[in-house]
Amino acid sequence: MRGAVCLYVLLFLMLVVPAACAEYIPPNIGELTDDYYNVFGEPNLSAASVWGSEFDSGESSTLSIRLINRGNISAFEMDELPQGSDEFRDAYIETKLESDVTTAVNIRGILENKHGVPVRIVSGVQEIGYLREEEVSKPVEFDVEVFTDAPSGNYELSLNLTYQYQKEVQVEGYPEPEFNYWYVEKQQVLPINITVKPEVDFEVESARAQKVSDQEYMLYVRYRNTGSEVAENAVARIIVESPSIFKNDIFKDDTEYLGTLSPGDSIESKYLIEVEEGAPLKTYGIETEIEYKDSRGEKRTSSPMRVPFRMEEALYGEDGEGIGTAAYFGLLMGILALAGYYAYRKKWKRNKRE
């Protein structure tokens, strides 16, 4: 009977022991006396990114991370044999509290760039709280900025964590026990992997203009894919908001289909444009861009590129730049006249011999 009563008392004590004991850090005592058990174990945190960790070059975004506590108890041993029923009750309560050895409290984390990753980390230290064994944290968010010229590839950042956990606990003084704790600090550095996605990047490699009439020019622009990804169904176009020298701000032919451009490929496009009458003869800047599909089939548009457009007074072929229509006609007539002359001379010599 007495054993049964004792069992009920112990079960009652299991219910009344505060569950929040390990959610804060009581002050450490100088020395633990009447410590009945030693429990060996500690928290072990791991991290996983949430909602993906892929970024585009030049992107500003949020990296979300969840923490998981994989801590476990590795051993349990008796340190001091309890004497009497009161000490047995204290010892039993201690066994329940010792299980909190795997709980991490006061978790604080900061994301660091230790390997020269082309990323700037904007956020500072984040307060994460506590995690019991097998618990998962709410998403911890860090703002990051990927450099505009960041090469595509996989990179590693470091999540530096500090937290405390309960190393020892002492219970004494049943029926009004006192709880004494000993906490220690632990640090973990966890790798956080991110990916800078392959991208297409274009540049204007060369540009030249050819005057075809008093107010019309043919503009030739050569584009090169300087990125690390294939651009499919690429279409180049002149941006309408270019200089107002162009008649009605409209090009006669302002788009050009480029097709598929692999990294390193280049291709020349041409645009027929009409300028305002009397526009000053000088070099203007024209904005152009390319719309394409990336490897995931998503439509994208390049950053605007500036093309130098130099207006010339003479038509193509004039002023030593080539042969114009009149010069070409004159040359042709001269060749025909010379051929006729040689034919006449040949016939004259043959008649003379006869």
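The values are calculated or read from the model by the stated rules, or taken from the named source; none is laboratory data. This is a predicted model, so every value here is computed, not measured. All Cβ positions, glycine included, derive from the backbone under ideal geometry; neighbour counts span all protein chains shown. Only protein heavy atoms, including side chains, enter the accessible area calculation; ligands, DNA and RNA are left aside. Shrake-Rupley method; radii C 1.70, N 1.55, O 1.52, S 1.80 Å.
Points to keep in mind about this one:
- Residues located in the stretch 292-302, provided they are exposed (fewer than 14 other Cβ atoms within 10 Å of the Cβ) and either under 17 Å from Tyr257 (Cα atoms) or in contact (Cβ under 8 Å) with a residue 60 or more places away in the chain (or both): Ser295, Lys299, Thr301
- Of all residues in the stretch 179-206 being acidic (Asp, Glu) and not in a strand (DSSP E or B), the one that is modelled with the highest pLDDT: Asp201
- Filter result for Ile107 (at pLDDT below 95 and in a strand (DSSP E or B)): no
- Count - residues of the stretch 156-186 that are under 30 Å from Arg120 (Cβ atoms), open to solvent by less than 50 Å² (accessible area, probe 1.4 Å) and out of contact with any Phe, Trp or Tyr (no Cβ under 7 Å at 6 or more places or on another chain): 7
- Just one of (1) of a type in the set (A, V, I, L, M); (2) in a strand (DSSP E or B); (3) in contact (Cβ under 8 Å) with a residue 24 or more places away in the chain fails for Val117. It is (2).
- The single residue among Ile323, Ile286, Ile267, Ile245 that is on the phi < 0 side of the Ramachandran plot, at pLDDT below 85 and in contact with a strand residue (DSSP E or B) (Cβ under 7 Å, 6 or more places away or on another chain) turns out to be Ile245.
- Odd one out for Lys114, checked against (1) loosely packed, with under 13 Cβ neighbours inside 10 Å; (2) at pLDDT below 75: (2)
- Residues that are of a type in the set (S, T, N, Q) and open to solvent by 60 Å² or more (accessible area, probe 1.4 Å), drawn from the stretch 135-154: Thr148, Asn154
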